[in-house]
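Values in this text are rule-based calculations from the coordinates and carry no lab data. As the structure is a computational prediction, the values presented were derived from the model and not from experiment. Cβ placement follows ideal geometry from the backbone for every residue including glycine, while neighbour counts extend to all protein chains displayed.
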Amino acid sequence: MTAAEPLGVPWSAHAVRGADGAVRVAGVDVRDLAAEQGTPAYVLDEADFRDRARSVRTALEAAFGAVGAGVDVYYAGKAFLSVAVARWAHEEGLRVDTSTGGELAVALRAGVPGEHLGLHGNNKSDAELARALEAGVGRIIVDSLGELDRVVAAVRARGAGAEPAPVMVRVTTGVHAGGHEYISTAHEDQKFGLSVATPPGGGDSPAMTALTTVLRHPELRLLGIHSHIGSQILDPAGFAVAARSVLALRAELAERTGHLVPEVDLGGGFGIAYLPGEEVPDLPRIAEEIAAAVAGACTELGTPLPRLSFEPGRAVAGPTTLTLYTVGTVKPVSLEAGRSRLYVAVDGGMSDNIRPALYGAHYHAALVSRTGSAETVLARVVGKHCESGDIVVHEVQLPADVRPGDLLAVAATGAYGRSMASNYNHVPRPPVVAVRDGATRVLVRRETEDDLLALDLG
Ligand SMILES: *Cc1c(COP(=O)(O)O)cnc(C)c1O
């Protein structure tokens, strides 16, 4: 028997194809997994998740340590959160970012200490704010002036002697990044954050107004300034521009009020490879570039370095997971000029991966239960939903003999897959099954029709 062949990027680190042609992840044969757990299923490579969590943290710690700044890394739970995953992140030295009461509940259930949790959201409810304070979250990232009033009220409601709420103010620097480029605009037309730009009529920016408002309230403790510029970022230049803008605001606030905020959060958004051969700058290099920009800006501004924080979600969770499907219908469709495309329908679709339909995202797929014929054809992997836009993989070469009953896997579905899953067409959501050292462990069980019917009161 020849040695197992690693699948490589964009698959998780422990995905290999054995001599028999079938794929194993962390020692678990996908055919056994499908037989035991059914399909579709998200298959999460636990050791890969832990390694990525740790290496993102150590890359940022090394880069910022070298310029003399401390750094905290928050796993952005919205990418994929379950009790086990929150616990892994915590065990690997990460904190956890939540953006709703539901995410907060999962992180707390996992035993992540309140002071290692952040609460985000542009429209937090009073109940969410009260719960965050009750849990002693380490920071509430405030997104509007109205929210500041509500945090103050929530602190007062806790009675005299309540601790002030630790807050960061989320600002928009005009930098938007994602994919290979970033763009920078002065005025922003989107819902998040408070602009650092001077309003058309002059006067303080909304960001400066929020910061000085926080300083006037004894119920609030101003921890710092927060900026998140986008997602799937492959070019670190956007981070550097945003960092300079945030640090300039920090210096200006210090000059005006004497208060130098101790922390700056530069958000998440580190990109990953979704396709074979896709070039992604490695994180240590990006971290060094951002650290150099931060250090350079602080030197120019004459301010001491802040403590930094980052919030990667996709870079930790994305590559760790594949979605395992069973092939159902296979249908050749003729295109113009004598070309044709093989439509390969699987037993899931846009309900377990909305990103292709939502963002036009591209994924890679492979036949994983056997090798298949050497000849390949242009294929499109589609789901079982009642939408022609229900596409899982736009374009991929698959063995020409792909047929019903084959197992097909889609790579790098760990971020924004299960977390954005829906019950469209009353399809129960797939389980998340962790694999490690030849063992499987169901982290989130498969939904059943009974689960769906339990909500329907007839
Ligand atoms: C979505 C989000 C993140 C995580 O983004 P990734 O692209 O998954 O790293 C971090 N911070 C904030 C505020 C976010 O909205």
- [ ] Name the shape class, rounded, prolate or oblate, that the alpha-carbon gyration tensor gives for region 47-317, where a ≥ b ≥ c are the square roots of its eigenvalues, rounded holds for a/c under 1.5, and otherwise prolate holds if a/b is larger than b/c and oblate otherwise.
- [x] oblate
Task: Residue exposure sequence - THR329, THR413 - by fewest surrounding Cβ within 10 Å - done: THR329, THR413
Task: Prolate/oblate/rounded call for the chain, Cα gyration tensor, a/c under 1.5 rounded - done: prolate
- [ ] Scan around VAL392 for amide H atoms under 5 Å from its own, H built in the peptide plane at 1.01 Å from N, and keep only partners 5 or more places away or cross-chain.
- [x] VAL381, VAL382, GLY383
TODO: Please work out the C-alpha center-to-center distance from region 307-369 to region 75-140 and express it in whole Å.
DONE: 29 Å
TODO: Indicate, rounded to the nearest 5 percent, the antiparallel portion of the DSSP beta bridges found entirely in the chain.
DONE: 50 percent
TODO: May I ask which residue of ALA237, THR213, GLY203 lies farthest towards the positive end of the charge dipole of region 173-257, with charges of +1 (Lys, Arg) and -1 (Asp, Glu) on Cβ and the Cα centre as origin?
DONE: THR213
Task: Whether region 240-300 is rounded, prolate or oblate, judged on the alpha carbon gyration tensor where a/c under 1.5 counts as rounded - done: prolate
Open item on the list: Can you tally the lysine pairs in the chain where the Cα-Cα distance is under 27 Å and the two residues are eight or more apart, or on different chains?
Closed with: 5
Task: Check: region 87-191 dipole with +1 on Lys, Arg Cβ and -1 on Asp, Glu Cβ, in debye - done: 300 debye
Open item on the list: Using a 10 angstrom Cβ neighbour count of at most 14 plus a DSSP loop assignment to flag exposed GluC sites (Glu not before Pro), which longest range of the chain is free of such sites?
Closed with: 1-278
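Specify the longest stretch of the chain that does not include any exposed loop site, a site being one of the trypsin sites (Lys or Arg not before Pro) with a non-H, G, I, E, B DSSP assignment and at most 15 other Cβ atoms within 10 Å.
In the chain, the maximal stretch lacking such sites is 1-157.
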Task: Amide H partners (placed H, <5 Å) of ILE233, local residues excluded - done: GLY179, PHE270, GLY271
Open item on the list: Let me spell out the model: positive unit charges on the Cβ of Lys and Arg, negative unit charges on the Cβ of Asp and Glu, origin at the Cα centre of region 47-317. What dipole size does that give, in debye rounded to 20?
Closed with: 660 debye
Task: Helical mean residue ellipticity (222 nm; -39500 (n - 2.57) per DSSP H run of 4+; nearest 500) of the chain - done: -9000 deg cm²/dmol
Task: Residue order, fewest to most beta carbons within 10 Å, for THR98, THR323 - done: THR323, THR98
